[in-house]
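**Student:** Below: one structure in structure tokens.
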Amino acid sequence: MLSRAQVLGLLFSLLAGCAYGQQQNSPSDIVKRGEYLARAGDCIACHTAPEGRIFAGGRAMPTPFGTLYSSNITPDRDTGIGKWTTEDFYKAMHTGRFPDGGLMYPAMPFASYTKVTQADSAAIFAYLKSIAPVSQKNREHDLRFPYSNRQLILGWRTLFFSEGEYKPDPSKSAEWNRGAYLVEGLGHCGMCHSPINALGGTSQSDAFKGGLIPMQNWYAPSLTSNREAGLGDWSLKDIADLLKTGVSARGVVYGPMAEVVHNSLQYLTDEDTNAMAVYLKSIAEPASRPPTTSATLPTTESSLLVSLGKTVYDARCASCHGAQGEGKPPHWPPLANNQSIEMESAVNAIRMVLNGGYPPGTEGNPRPYGMPPFAGLLSDNEVAAVVSYIRTAWGNRGAPVSAREANELRSAPLN
Amino acid sequence: MAWVGLAISVQTFPVLAQTPGHPPDTMEARVEACTPCHGKQGEGTSDVYFPRLAGKPAGYLYNQLLAFKNGRRKYPPMNYLLEYLGDPYLQDMAEYFAEQRPPLPAPAPSDASKEVLQQGQSLVSRGDPVRQIPACGSCHGPGLTGMEPGIPGLLGLRPNYVSAQLGAWRYGTRTAKAPDCMQQVAARLTEADVTAVAAYLATRPAPIVIAPAPKGAYVLPFACGSEPD
């Protein structure tokens with residue numbers, strides 16, 4: 001129980017907080033803060049179509065259940081959210097419901113956004129209200145039966161959605177809590193970095209444990225396992241560099257994560273990036289590198305693969321990544337002791353060899369170096385061989401991969 | 001001692017003076033990702049569907065990079081590579097390949113018939129006024145080397161590439177900024193015209209000057225969004 005004095009003290013500090021807040025938050029400050037928070041939430045990635053008007057929606061989002069089209073969130077009164085109130089917007093973010101009570105599909109990451117505070121939600125809304133309205137009707141979703149029935153969302157919500165703002169952990173620092181708030185809330189990192197089950201949901205206990213992103217066939221590594229993207233043994237600087245610039249001494253972002261850095265993370269302040277780094281480093285499970293003996297191929301086959309792999313590596317890869325896989329970080333990433341090469345899923349390593357890629361252009365790294373695509377130069381056998389080689393050479397502890405796995409990823413979608 | 005030895009060798013052989021741990025700070029190193037398909041200097045490779053980039057006007061190359069980045073021009077491996085790169089960097093890439101001058105390949109012997117090549121020559125150099133088809137040369141230049149900033153040269157490209165692109169213009173899968181002049185022209189071509197033009201272009205020897213004509217060297221027969229006045 002709080003004493004009367006404590007209650008009064010609390011009330012006073014709340015009031016003082018309000019007064020202080022009002023002084024600071026002139027309308028233009030709120031809009032600016034909302035713009036920043038909208039960046040942190042990466043709203044633009046889904047709510048803007050390629051070559052489309054900003055936030056006018058219409059971007060096709062393929063899912064295992066059919067194609068969804070993102071909605072117009074400009075302040076147009078007829079086709080956008082011009083008639084919404086601040087409360088309506090908070091309800092959407094917090095509960096995943098439209099103003100009329102209708103259910104949103106969980107492609108809208110309300111299971112993460114529910115953690116966003118009412119004040120932050122109001123700021124984002126103020127920002128969205130300040131941009132140019134665009135009259136563009138929302139496109140009907142194109143979902144297969146039975147997923148076209150919105151009532152099914154109720155079941156999904158029962159299984160996977162728990163409503164509630166982020167609750168700071170008083171045993172942790174303010175910085176840690178800020179990081180957790182951003183990662184779990186606006187950043188909606190768990191949308192990809194958690195295993196997606198057949199129902200298109202993530203159970204709480206699997207949060208941040210990694211998963212294959214449906215339809216894209218990229219593997220979003222676990223943020224908790226040090227054998228994947230767990231950042232337990234990374235320095236805070238390397239984590240922050242990766243988030244902010246897309247490159248770091250330990251590795252580089254490609255694929256869907258390049259989008260996140262490009263559209264969202266590069267715009268965050270150093271304080272917020274560092275806070276995310278502190279939090280991400282802390283959720284990594286205790287460092288352990290259990291020996292991998294789970295070779296999935298017969299030994300003779302895998303040793304043949306590895307010797308072909310070394311030949312391919314020396315001819316094609318060593319000029320950038322170094323004879324010992326040391327790379328020239330941050331631009332040419334090291335492959336030795338690189339978790340993303342060693343982790344159980346070899347999908348990303350195979351795809352990088354096949355498709356190559358550029359890290360995102362960012363303010364901190366505006367002219368990134370690119371990796372050539374080798375799909376046209378290497379056979380399935382050679383791809384499997386070189387990936388097996390980099391997964392097992394120089395003390396790396398990954399398992400070899402087969403030519404079939406390489407072949408299957410040739411048809412993976414590229415965008 | 002080894003350290004000293006290294007220091008001396010760095011002084012003696014400037015080629016080793018590159019900062020260890022840093023890739024060369026050059027565009028050449030940065031566009032390494034383009035080379036498996038387009039060649040070291042953008043000269044093209046043995047794959048007939050991957051075009052030569054070298055020496056095309058920077059404005060044209062930049063427009064294509066932007067179109068791939070934004071998805072207007074669809075080829076997933078290219079869309080994927082460029083999606084998150086900044087526009088000024090795409091401009092740098094365009095300028096890099098525009099400046100390259102590897103020699104044009106020797107014209108390949110054509111397996112097209114004499115009649116087909118004649119039809120191709122006629123369309124390329126005279127067009128077909130009855131069908132309102134301008135000569136290719138009226139926009140792409142008398143030497144077919146293009147004009148800065150936005151009109152590409154047509155030499156050094158394989159027939160398969162040219163006919164695939166003309167086909168894409170005809171079917172509307174390749175588009176450019178309005179007024180989309182190339183789309184208007186391609187819409188008037190028949191399948192046979194496309195085959196003939198593509199076959200004839202591939203037989204053309206390299207002109208003495210392979211650089212594109214400077215901006216405004218000649219007047220275009222009609223307005224073109226890619227080549228603003």
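The values are calculated or read from the model by the stated rules, or taken from the named source; none is laboratory data. Bear in mind that the values here come from a model prediction, so they are computed numbers and not experimental data. Glycine gets a Cβ as well: all are built from the backbone with ideal geometry, and neighbour counts include every protein chain shown. Side chains included, ligands, DNA and RNA excluded: accessible areas come from the protein's heavy atoms. Shrake-Rupley method; radii C 1.70, N 1.55, O 1.52, S 1.80 Å.
**Student:** With θ set to phi - 60° and the Karplus curve 6.51 cos²θ - 1.76 cosθ + 1.60, what are the ³J(HN,Hα) couplings of region A:244-260 in order, to the nearest whole Hz, using x for Gly and Pro?
**Tutor:** The phi angles translate into 8, 10, x, 10, 7, 5, 9, x, 9, 8, 9, x, x, 6, 4, 4, 5 Hz.
**Student:** In addition: Which of the lysines could be linked to residue A:172 by a straight reach, that is with a Cα gap under 16 Å, when you skip same-chain ones fewer than 8 residues away?
**Tutor:** Reachable lysines: A:281.
**Student:** Right, next: Efficiency by 1/(1 + (r/R0)^6): what FRET value for residue A:60 and residue A:119, r their Cβ-Cβ distance, R0 = 30 Å, to the nearest 0.05? Don't skip to the end; give the middle numbers.
**Tutor:** Working: r = 33 Å, r/R0 = 1.11.
Efficiency for this residue pair is about 0.35.
**Student:** Can you find, among A:284, A:122, A:396, the residue farthest towards the positive end of the dipole of the protein assembly as shown? Put +1 on the C-beta of Lys and Arg, -1 on that of Asp and Glu.
**Tutor:** Selected residue: A:122.
**Student:** Another question, then. Per DSSP helix of 4 or more residues, -39500 (n - 2.57); summed, then divided by the residues of chain A. What does that give at 222 nm, rounded to the nearest 500?
**Tutor:** -12000 deg cm²/dmol
**Student:** Here's a follow-up. Rg and Dmax of the protein assembly as shown, Cα atoms, in Å?
**Tutor:** Gyration radius and largest Cα-Cα distance of the protein assembly as shown: 28.2, 103 Å.
**Student:** What stretch of chain A, leaving out the sites themselves, is the longest with no GluC sites (Glu not before Pro) in a DSSP loop having at most 12 other Cβ atoms within 10 Å?
**Tutor:** Values: sites that count: A:51, A:140, A:163, A:363.
Within chain A, the longest run free of exposed GluC sites (Glu not before Pro) spans A:164-362.
**Student:** Further question on the same structure: Which value in nm describes the separation of the simple spin-label points at residue A:26 and residue A:83, placed 7 Å from the Cα toward the beta carbon?
**Tutor:** Going by the 7 Å Cα→Cβ label model, 3.4 nm.
**Student:** Can you give me the distance in nm between label points at residue A:271 and residue A:149, each placed 7 Å from the Cα along the Cα-to-Cβ direction?
**Tutor:** About 5.0 nm, to one decimal.
**Student:** Which of rounded, prolate, oblate describes region A:39-161, given a ≥ b ≥ c as roots of the alpha-carbon gyration tensor eigenvalues and a/c under 1.5 marking rounded, otherwise prolate only if a/b is larger than b/c? Intermediate values should be presented prior to the final figure.
**Tutor:** Values: a/c = 1.72, a/b = 1.19, b/c = 1.45.
Oblate.
**Student:** Amide H of residue A:63: which non-local residues (sequence gap of 5 or more, or other chain) have their own amide H closer than 5 Å, using H built in the peptide plane?
**Tutor:** Amide H to amide H, under 5 Å and 5 or more residues apart or across chains, residue A:63 pairs with A:68.
**Student:** Probe of 1.4 angstrom, ligands and nucleic acids ignored: what's the accessible area per residue over the protein assembly as shown, in square angstrom? Write down the numbers at each step before the final one.
**Tutor:** On the way: 31560 Å² over 644 residues.
On a per-residue basis, 49 Å².
**Student:** Within 10 Å of each candidate Cβ there may be at most 16 other Cβ atoms; applying that plus a DSSP loop requirement, which trypsin sites (Lys or Arg not before Pro) in region A:39-143 survive?
**Tutor:** On the way: sites: A:39, A:53, A:59, A:77, A:83, A:91, A:97, A:115, A:129, A:137, A:139; in loops: A:53, A:59, A:77, A:83, A:115, A:137, A:139.
Qualifying residues, ordered by number: A:77, A:83, A:137.
**Student:** Let me know the Kirkwood hydrodynamic radius for region A:182-269, please, with Cα pairs as the basis and the value in Å to one decimal. Kindly include the intermediate steps, with their values, before the conclusion.
**Tutor:** Details: mean 1/r = 0.0744 Å⁻¹.
Computed over Cα pairs of region A:182-269, the Kirkwood hydrodynamic radius comes out at 13.4 Å.
**Student:** Continuing with this model, one more query. Taking a ≥ b ≥ c as the square roots of the eigenvalues of the Cα gyration tensor of region B:46-114, is the shape rounded (a/c under 1.5), prolate (a/b larger than b/c) or oblate? Walk me through the intermediate numbers first.
**Tutor:** On the way: a/c = 2.89, a/b = 1.64, b/c = 1.77.
It is oblate, given that a/c is not under 1.5 and a/b is not larger than b/c.
**Student:** Figure the gain on full extension for residue B:47 and residue B:229 (residue separation times 0.36 nm, minus the Cα-Cα span) and round it to one decimal in nm. Mind dumping the intermediate values first?
**Tutor:** Details: separation 182, 0.36 × 182 = 65.52 nm, distance 3.55 nm.
That pair, residue B:47 and residue B:229, stretches by 62.0 nm at full extension.
**Student:** If one computes the Cα centroid of region A:245-268 and of region B:79-129, what distance in Å separates the two points?
**Tutor:** The distance from the Cα centre of region A:245-268 to that of region B:79-129 comes to 34 Å.
**Student:** Please work out the ratio of the alpha-carbon Rg of region B:104-210 to 2.2 N^0.38 Å and round it to two decimals. Show your work: numbers first, answer last.
**Tutor:** Values: Rg = 13.0 Å, N = 107, 2.2 N^0.38 = 13.0 Å.
So region B:104-210 has a normalised radius of gyration of 1.00.
**Student:** How many nm is it between the label spots at residue A:307 and residue B:188, if each spot is 7 Å from the Cα in line with the beta carbon?
**Tutor:** About 6.5 nm separates the two model spin labels.
**Student:** Normalised radius of gyration for region A:299-411, please: alpha carbon Rg relative to 2.2 N^0.38 Å, two decimal places. Intermediate values should be presented prior to the final figure.
**Tutor:** Working: Rg = 13.5 Å, N = 113, 2.2 N^0.38 = 13.3 Å.
Cα-based Rg divided by the globular estimate yields 1.02.
**Student:** Cross-link candidates for residue A:91: which lysines have Cα within less than 21 Å, leaving aside residues fewer than 8 places away along the same chain?
**Tutor:** Counting by Cα, and skipping residues close in sequence, residue A:91 has these lysines nearby: A:83, A:115, A:129, A:167.
**Student:** Using a probe radius of 1.4 Å on protein heavy atoms only, what is the accessible area buried between chains B and A, both sides summed, to the nearest 100 Å²? Working shown, then result.
**Tutor:** Details: alone 13010 and 21090 Å², together 31560 Å².
About 2500 Å² of accessible surface is lost on pairing.
**Student:** Once amide H atoms are placed 1.01 Å from N in the peptide plane, what residues at a sequence separation of 5 or more from residue B:40, or on another chain, have their amide H within under 5 Å of its amide H?
**Tutor:** Sorted by chain and number, the residues that satisfy this come to none at all.
**Student:** Once you charge only the Cβ atoms, +1 for Lys and Arg and -1 for Asp and Glu, what is the size of the charge dipole of region A:299-411 about its Cα centre, to the nearest 20 debye?
**Tutor:** On the way: 9 positive and 10 negative charges, 37 e Å.
Charge dipole of region A:299-411: 180 debye, to the nearest 20.
**Student:** Also, quick follow-up: Based on the Cβ-Cβ distance from residue B:27 to residue A:207, what FRET efficiency comes out when R0 is 45 Å, to the nearest 0.05?
**Tutor:** On the way: r = 43 Å, r/R0 = 0.95.
Step by step, r from the Cβ atoms, then E = 0.55.
**Student:** While we're on this one: Under the rule that an exposed site lies in a DSSP loop and has at most 15 other Cβ atoms within 10 Å, name the longest stretch of chain B with no chymotrypsin sites (Phe, Trp or Tyr not before Pro) of that kind, not counting the sites themselves. Each step should come with its number before you reach the end.
**Tutor:** On the way: sites that count: B:49, B:218, B:222.
So the longest stretch without any such site is B:50-217.
**Student:** Another question, then. Enumerate the amide H contacts of residue A:212 below 5 Å, restricted to partners 5 or more residues apart or on another chain; note that Pro and chain-start residues carry no placed amide H.
**Tutor:** So residue A:212 has HN proximity to A:196, A:220.
**Student:** Less than 21 Å apart at the alpha-carbon level, and either on another chain or at least 8 residues along: which lysines does that give for residue B:215?
**Tutor:** B:56, B:177
**Student:** Let me ask something additional. Between residue A:408 and residue B:220, how high is the FRET efficiency from 1/(1 + (r/R0)^6) when r is the Cβ-Cβ distance and R₀ = 60 Å? Nearest 0.05.
**Tutor:** Working: r = 49 Å, r/R0 = 0.81.
So, using R0 = 60 Å, E works out to roughly 0.80.
**Student:** In addition: How much of the accessible area of the protein assembly as shown, probe 1.4 Å, is carbon plus sulfur, in whole percent? Before the final figure, lay out each step's value.
**Tutor:** Values: 18660 of 31560 Å².
With neighbouring chains kept in place, the figure for the protein assembly as shown is 59 percent.
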